[in-house]
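To keep things clear, I will list the structure first and then write my remarks on it.
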Amino acid sequence: MLRRYAALPRLTGPWFLVVGALARLPVAMTPLGTMLLVTTSTGSLAQGGLATSASALGTAALAPVQGQLADRLGQRRVLLAATATTTVALVVVTVAAVLGWPLPVLLLACAVAGGSAPQVGPLARVRWISLTQARPAPLATAMSWESMVDEVTFVLGPALVGVVAATRPDATLLLAAAVVAVFGTAFAVHPTALPGHPPRAGGRDPATRVPAVLRLVLAPTVGMVGLGAFFGSSQVAVTGITTALGRPGDAGLLYAVMGIGSAVTALAVVALPAAVSARTRWTVAGAGLTAVMLGAMTVRTGGGTALALLLAGVFMGPAIVTLFSVVGELAPTRAAGTAMTLLISANVVGVAIGAAVGGAVAEALRDAGRPPALTFAVSAVATTLLTAAALLHRRRTPDPAST
């Protein structure tokens, strides 16, 4: 298994793996960084929540647009523009919050920052499809690597924000801006950046438009909505449990346990026999997550919660790897960026739904004097959707004309 990962740098050059990892760190820093910056600057949790939501909505709305432009114009041009826009927007968000600019201006800046964030993870996966020539074994290894990097950065990003915010909460997004300016640019100009696929003769290519691509990747997109709803609702449940225990600050540490478990099993997916199909991995991962969440409803301690989240991570890693791998299989090459970024939008939408429903359920449970762990019921419903989406999946028959 280690030999398969050692082969990746030979395809990309020695620095791509490092640059690709660091370039996506700002995406993991921005949600918590925005919440802390705006909350401490304005004294309003409500405004902090609105600012964070505006950033997320920007990502959900514009990530597929960025992917489509990268498919058409080439990754380098689009990523350089996105990097510059995000860097400026994050600085504007900081200034607006610190100086007390009107709320609509702050929210607009947050939406621009989220909407323009360089889609490093999805577009790195598109590069791997080209570099591996879509050969199943090396592509599966690359997809596992990318999922592991996603998980690690989404553990390290909030941790880094927490360290900075402890002394300078107004500097959290400035640090994110600096990181994206340096490593977003490095990722954009790396030799692996793919050229565009101009529209075919006769104008725009209907097959590369977002609705057409969405139809092709509908099953994994629905599955990612379910997985995102699991993320959002489980975060609420963990926060409720730690708050009830009188240790609200432990929520981030507990949630990091799931990220660590997910990163390990994402790497291990390549060890599965080729006979284990994507649909089987997808179904088992979804069913496993549902079973763990049903069991998590009974936890009453921090240790029990940590164990449940660790077990959830065991199934979450393969689920993420499989969803992105299926999209790589289903999407035509000239629309791969659009397809990959659609998954990012689906995840953001799912997180918002899961957090909203989970929050309402958690409050109802608190008012009724019931254990906050029962909020994991929402997570179980979300992972059921993930599993059900596997039933929609059908392997696409390769069509040379579609590439």
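Please treat every number below as a calculation from the coordinates, not as lab data. The structure displayed is predicted, hence computed values, not measured ones. All Cβ positions, glycine included, derive from the backbone under ideal geometry; neighbour counts span all protein chains shown.
Tabulated data
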read-out	value
Neighbour-count ranking [beta-carbon atoms within 10 angstrom, fewest first] of Thr86, Thr39	Thr39, Thr86
Computed E for Val276/Arg168 - FRET, C-beta separation, R0 51 angstrom, nearest 0.05	0.60
Two-site FRET efficiency, Thr301 against Arg209, from Cβ-Cβ distance with R₀ of 51 Å, rounded to 0.05	0.50
Highest to lowest packing among 13-24, 265-276, scored as the average C-beta count within 10 Å	13-24, 265-276
Rounded to whole Hz, the Karplus (6.51, -1.76, 1.60) HN-Hα couplings of the stretch 336-346, x for glycine and proline	5, x, 4, 5, 5, 6, 4, 5, 5, 4, 4
Shape of the stretch 14-195, Cα gyration tensor, a/c cut at 1.5	prolate
Ranked list, fewest to most other Cβ atoms within 10 Å of each Cβ, for Asp150, Asp250, Asp71, Asp367	Asp367, Asp250, Asp150, Asp71
Rel. contact order, % - alpha carbon contacts under 8 angstrom, at least six apart, the chain	25
Label-point separation, Leu11 to Val182 (7 Å along Cα→Cβ), nm	2.8
Helix-derived mean residue ellipticity, 222 nm - over the chain, DSSP H n ≥ 4, -39500 (n - 2.57), to 500	-25500 deg cm²/dmol
From phi via Karplus (6.51, -1.76, 1.60), per-residue ³J(HN,Hα) for the stretch 301-306 in Hz, x at Gly/Pro	10, x, x, x, 5, 4
Within the stretch 227-260, backbone nitrogen closer than 20 Å to the virtual label 7 Å beyond the Cα of Ala268 toward Cβ	255-260
